[in-house]
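The values are calculated or read from the model by the stated rules, or taken from the named source; none is laboratory data. Please read these numbers as outputs of a predicted model, since none were measured by experiment. Note: ideal-geometry Cβ built from the backbone for every residue, glycine included; neighbour counts use all protein chains shown. To get the accessible areas, we keep the full protein, side chains included, count just its heavy atoms, and leave off ligands, DNA and RNA. Shrake-Rupley method; radii C 1.70, N 1.55, O 1.52, S 1.80 Å.
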Amino acid sequence: MSRFLTAAALAAIGLSVAACGGYGSSSRTPSGPSAPPPRAIAINVIGINGAQSFSPNPATVSAGQTVVWHNIDTTTHRVVLNDGELDTGNIAPGAFSAAMTLVAPGPYHCSIHPPMVGSIAGGQ
Ligand SMILES: [Cu+2]
């Protein structure tokens, strides 16, 4: 019984692979309405510098835009908006934070180094 099931499973896999190959070698185009063109997404990058400062500062980022911090320092930093709406988590030296959507512009700081502060000013 188990041998039969195994053979059946292998047959199913074989059929699946064959179906994939047939689809991949075909040249048909997707049907239906054409997909909308990709939208450009502006990503605002704020650098974290070796002097434990941010650049640009203030940065101009509007609510709803995407912001990323790039840690070009040699120590880990963690950016937190003072209003608590954004927390990058630890950003290792040389790493980027995740792309974060800004809820509202405002001041922020590094939770690891509280004197390290920056600001985001709203743009157009
Ligand atoms: Cu820091």
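A count restricted to the stretch 97-124 and to residues that are surrounded by 15 or more Cβ atoms within 10 Å (Cβ to Cβ), over 12 Å from Phe54 (Cβ atoms) and away from the ligand (no atom under 14 Å from the Cβ) stands at 4.
Of the residues making up the stretch 41-94, those that are more than 15 Å from the ligand (Cβ to nearest atom), of a type in the set (Gly, Ala, Ser) and open to solvent by 20 Å² or more (accessible area, probe 1.4 Å) are Ala42, Ala63, Gly64, Gly84.
Close Cβ contacts (under 6 Å, 6 or more residues apart or on different chains) running from residues in the stretch 43-63 that are within 12 Å of His77 (Cα to Cα) to residues that are in a loop (DSSP other than H, G, I, E, B) and open to solvent by 60 Å² or more (accessible area, probe 1.4 Å) comprise Gly47/Ile72.
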